[in-house]
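The values are calculated or read from the model by the stated rules, or taken from the named source; none is laboratory data. Because the structure is predicted, anything quoted here is derived from the model rather than measured. Note that we place each Cβ from the backbone using ideal geometry, even for glycine, and neighbour counts take in every protein chain shown.
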Amino acid sequence: MNIDNIQGTRTPFYLYDTDLLRTTLAALQAELHHHPNYVVHYAVKANANPCILREIKAAGLGIDCVSGGEIRTVLDAGFRPEQIVFAGVGKADWEIQLGLDHGIFAFNVESVPELEVISHLAQQSKKTANICLRINPNVGAHTHELISTGRAEDKFGIDMRDMADVIRLCHTLPHLRLRGLHFHIGSQILDMDDFVQLAERINELQAELARQGVAVEVINVGGGLGIDYDQPNENPVPDFRSFFNAYAQHLHLLPGQELHFELGRAIVGQCGSLLTRVLYVKEGHEQRFVIVDSGMTELIRPALYQAQHKIENITQTQNLRLTDWQFLDADTALYDVVGPICESSDVFARDITLPLTRRGDLLAIRSAGAYGETMASCYNCRPLPATYTIEELSSTLDDEA
């Protein structure tokens with residue numbers, strides 16, 4: 001979209017490129033075509049915007065939920081209960097009951113106490129709960145400390161050393177049906193060897209179960225595939241082929257077994273940008289600050305995870321082609337890009353090079369389609385950001401014209 005067309009739109013707001021989302025979904029489906037026993041559930045925690053869910057539903061993907069609110073959201077969006085898996089270490093009774101009442105595909109169970117509660121509620125309701133046991137494989141992923149989830153000391157899942165005992169317990173509890181095993185080792189993983197390690201660990205665990213005469217119909221390896229935050233223009237679509245091949249080549253599925261995935265960021269991460277306007281350029285003695293009108297209330301990832309998003313000054317680069325933005329050294333400067341929130345951690349980036357930036361310039365914080373809008377808050381009594389698709393914004397502006 002031409003920068004002139006969005007200069008008058010109130011910032012901050014999220015802008016979604018649904019054409020890129022459709023391209024990403026098409027690439028995903030093309031790879032799934034080679035693996036007919038692979039099933040993808042979209043991790044709705046990444047982004048629950050209605051425009052995103054419409055495209056996910058049209059692509060025929062299932063859904064991975066982590067709360068009762070997410071279950072209600074996706075049911076309202078038209079997803080079928082049998083497409084839904086429900087994960088999370090702290091499912092409240094009402095959330096479990098909601099899943100039971102609608103007959104969801106499976107609960108990903110993360111502890112023995114949870115297993116017992118689900119059994120009790122299912123028995124009271126005279127229903128059968130489909131479950132997958134989330135097993136902690138003690139596989140460390142090459143990712144940020146706070147989004148690694150598969151180590152022995154993490155809060156998630158059942159220790160793999162207890163797997164056989166918990167499976168035996170499942171068979172003693174009424175109104176439960178064990179459908180499979182669930183794993184998830186973390187997020188924003190770009191090293192395929194991490195997924196290979198998980199596949200090999202699952203092979204070991206399945207071999208152990210086979211010796212006890214136990215087999216399951218579903219292996220769910222979660223998600224975790226990352227995106228290129230540094231070069232979103234050059235790599236807008238993740239490497240789905242390498243991701244699926246890591247499992248195809250190293251995971252030994254049993255005859256008739258399905259392999260399920262829970263991808264979120266990889267599907268929606270690159271299709272969203274946070275648009276924000278420069279309020280002030282503050283010249284310090286040693287540092288320049290670009291102070292913008294969005295902050296950790298709109299995009300918390302940099303403050304929470306020290307995550308780095310590419311930031312572009314689209315006002316100063318509007319007359320250059322997207323892939324040919326070139327500046328002389330005299331036309332650029334180093335800036336800290338910071339928000340207005342009364343927290344020292346409200347920083348989007350430090351010491352990044354931008355074209356000389358002025359009050360009123362429009363910046364795009366890229367690769368914000370995942371864990372951006374959905375994690376926004378009203379801290380400091382700020383309103384939640386507006387959201388648009390490129391098509392919606394173009395239509396609105398055309399009508400105003």
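Summary table
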item: Criterion (in the same structural domain as Phe243 (by TED's automatic domain parsing) and surrounded by 22 or more Cβ atoms within 10 Å (Cβ to Cβ)) met by exactly one of Val109, Val66; result: Val109
item: Boolean, Arg382 is charged (D, E, K, R), modelled with pLDDT of 95 or more and closer than 14 Å to Pro12 by Cα; result: yes
item: Residue in the range 113-136 that is in the same structural domain as Asp191 (by TED's automatic domain parsing), at pLDDT below 95 and not hydrophobic (A, V, I, L, M, F, W, C) present; result: yes
item: Considering residues of the range 49-62 that are out of contact with any strand residue (DSSP E or B) (no Cβ under 8 Å at 6 or more places or on another chain) and buried (at least 20 other Cβ atoms within 10 Å of the Cβ) only, the residue nearest to Ala370 (Cα to Cα); result: Leu53
item: Lone unmet requirement of (1) surrounded by fewer than 17 Cβ atoms within 10 Å (Cβ to Cβ); (2) in contact (Cβ under 8 Å) with a residue 12 or more places away in the chain for Asp76; result: (2)
item: Matching residues, the range 158-200, being more than 19 Å from the chain's Cα centre (by Cα), of a type outside the set (A, V, I, L, M), closer than 13 Å to Val139 by Cα and buried (at least 19 other Cβ atoms within 10 Å of the Cβ); result: Gln197
item: Top-ranked residue of the range 61-85 - restricted to ones that are in contact with a Leu (Cβ under 9 Å, 6 or more places away or on another chain) and not in a helix (DSSP H, G or I), ranked as nearest to Leu15 (Cα to Cα); result: Ala77
item: Yes/no for His260 being surrounded by fewer than 16 Cβ atoms within 10 Å (Cβ to Cβ) and modelled with pLDDT of 95 or more; result: no
item: Qualifying residue in the range 24-39 (condition: in contact (Cβ under 8 Å) with a residue 12 or more places away in the chain and under 29 Å from Gln316 (Cβ atoms)); result: yes
item: Test: residue in the range 365-373 that is under 20 Å from Leu279 (Cβ atoms), modelled with pLDDT of 95 or more and assigned to a strand (DSSP E or B); result: yes
item: Members of the range 92-120 found to be of a type outside the set (A, V, I, L, M, F, W, C), in a helix (DSSP H, G or I) and within 24 Å of Asp165 (Cα to Cα), listed by number; result: Pro113, Glu114, Glu116, Ser119, His120
item: Residue within the range 78-87 that is in contact with an Asp or Glu (Cβ under 7 Å, 6 or more places away or on another chain) and at pLDDT 95 or above present; result: yes
item: Residues of the range 276-303 satisfying the condition of being in contact with a Phe, Trp or Tyr (Cβ under 8 Å, 6 or more places away or on another chain), part of a strand (DSSP E or B) and crowded, with 24+ Cβ neighbours inside 10 Å; result: Val290, Val292
